[in-house]
Amino acid sequence: MPEGFDELKKPRQESSAAESERGFDYYIERGRNEALLAVKERFEDDPDERNRLPFHNRRHTNDVMRRTRALLEVVREGGAITERDVKIGMLAGAFHDTVQRWEESRAKWQENGKEVENHEKVMRRRFAGENEDASAAEASAFMDKAVEESGDPGIFSEDDKRIVAEAIGATVPGFNPEKGTVTQPNLKEKSSLIAHAVALADLGTAGMDGPEKFASEGDALFREENLDILEALHKPLNEIHEDQKEYYRKRMLGWSKFQAVFAAGRRSLLEEELRGIPEGVRDSVKKLFSRFDETIESAKKISERRDNMTFEELLRDMGYAVSLSGR
């Protein structure tokens, strides 16, 4: 072997590693952009109004990526993960809601356990689990494409794809009736740190972002879920029967009252959901969820303030764009 061969070889390895890192960063950014474009085209620009989602849009995706980064940066500073892991988490956050398949769910309105005649509730029912699997498949397809285009199998490994799929799968929603809040049954103590971050970020508004953001998201989700109210507002307000207005008003008030319960339930589950975070950084992660109390108090005040509103006032307060002449 010629003298100095090792010295000549080392810089070439470093150059190759640097090129791979630049390629990784490029595809992370491209993946985020492609995911956001898919969300925009599917849930903001669709000609069918019912497919344009007030909550599950780019704003939510960007918020989840932002909160994911904040959580993972704290963990990285504790030495448990690398900067590359943070970026993989961002990619998972970008793709976590790219698929939103749903169907109509119809049910009779009930008061005091009895069905009310002529009042049918039409809601959006998502295919929970199937949507997350399909979103993860889109993320995996993007990573495969990146490897093929770059010719570099080190851009994304099979382990990277598994971690992203696990993280997206951890956001599958459930519901805890005792605590009155949404849960994530796929998030386990043994789940990866990236899965913990993406799942916590997905439901993190009440604790991480505070009252204003939480209230805005709650109203947006109500508008997204309640398809019959959306349809009714195609008519001028003065053509909606007063009984129907009162029926919608009760649902809007019930949702508003539920927001404080939802946030309190999320607060009560935090300790359990943080068990998979290393002890050395757990307290630092917990500090990111410092805004539960103010969020809960604000949600209660909003609910109380809305109790005395008319249907028309509630519509505007909850973000509906309405006029006396209809849409």
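Please treat every number below as a calculation from the coordinates, not as lab data. Owing to the predicted nature of the structure, the values given are computational and were not obtained by experimental measurement. Glycine also receives a Cβ, built like all others from the backbone with ideal geometry; neighbour counts cover every protein chain displayed.
Observations, loosely collected:
- With 10 Å bins from 0: P(r) over the stretch 143-278, alpha-carbon pairs, percent: 10, 29, 25, 19, 11, 4, 0
- The trypsin sites (Lys or Arg not before Pro) of the stretch 167-231 meeting both criteria, a DSSP state outside H, G, I, E and B (loop) and at most 16 other C-beta atoms within 10 angstrom of the site's C-beta, are Lys179, Lys188, Lys190.
- The H on the amide N of Thr181, modeled in the peptide plane, is under 5 Å from the matching H of Asn176, each at least 5 residues off or on a different chain.
- In the stretch 20-102, Cα pairs under 8 Å separated by at least six residues give a relative contact order of 35 percent.
- For the cross-link pairs Lys179/Lys301; Lys108/Lys213; Lys245/Lys300; Lys213/Lys287; Lys190/Lys286; Lys161/Lys190, the ones whose C-alpha atoms lie over 27 Å apart are Lys108/Lys213.
- Highest mean first, the peptides 62-74, 133-145 sorted by other C-beta atoms within 10 Å per residue fall in the order 62-74, 133-145.
- The slack in the chain from Val122 to Asp159, taken as 0.36 nm per residue of separation less the alpha-carbon distance, amounts to 9.2 nm.
- Mean separation of Cα contacts under 8 Å, 6 or more apart, over the residue count of the stretch 11-317: relative contact order %: 19
- Applying the Karplus relation 6.51 cos²θ - 1.76 cosθ + 1.60 with θ = phi - 60° to the stretch 123-140 yields 3J(HN,Hα) values of 10, 8, 10, 7, 8, 4, x, 5, 4, 5, 4, 5, 5, 5, 5, 5, 5, 5 Hz, where x marks Gly and Pro.
- Computed about its Cα centre, the charge dipole of the stretch 11-317 is approximately 680 debye, with only Lys, Arg, Asp and Glu carrying charge at their Cβ.
- The long axis of helix 5-43 is offset from the longest Cα principal axis of the chain by roughly 10 degrees.
- Taken over the Cα atoms of the stretch 249-327, the convex hull encloses 109 Å³ per residue.
- Nearest-0.05 FRET efficiency for Arg316 and Asp48, computed from C-beta distance (R0 25 Å): 0.55
- Just checking the listed ones, Met123, Met90, Met309: in the Gaussian network model of the chain with Cα springs under 10 Å, the one fluctuating most is Met309.
- Remark: spin-label model distance Glu242-Ser290 equals 5.1 nm, labels positioned 7 Å along the Cα→Cβ axis.
- Taking Cα centre as origin and charging only the Cβ of basic (Lys, Arg, +1) and acidic (Asp, Glu, -1) residues, the dipole magnitude of the stretch 218-317 rounds to 320 debye.
- Of the GluC sites (Glu not before Pro) found in the stretch 186-262, those that fall in a DSSP loop while having at most 15 other beta-carbon atoms within 10 Å are Glu189.
- Expected 222 nm ellipticity per residue - DSSP helices of 4 or more, -39500 (n - 2.57), all of the chain, to 500: -20500 deg cm²/dmol
- All aspartates and glutamates inside 19 Å of Lys145 as judged from Cα atoms, apart from same-chain residues fewer than 8 positions distant: Glu19, Glu21, Asp25, Glu29, Glu34, Asp133, Glu158, Asp159, Asp160
- Hull shadow area, averaged, the stretch 11-317 [alpha-carbon convex hull, nm²]: 17.4
- Taking θ as phi - 60° and the Karplus parameters 6.51, -1.76 and 1.60, the scalar couplings of the stretch 244-256 work out to 5, 4, 5, 4, 5, 4, 4, 5, 5, 5, x, 4, 4 Hz in sequence order, x denoting glycine and proline.
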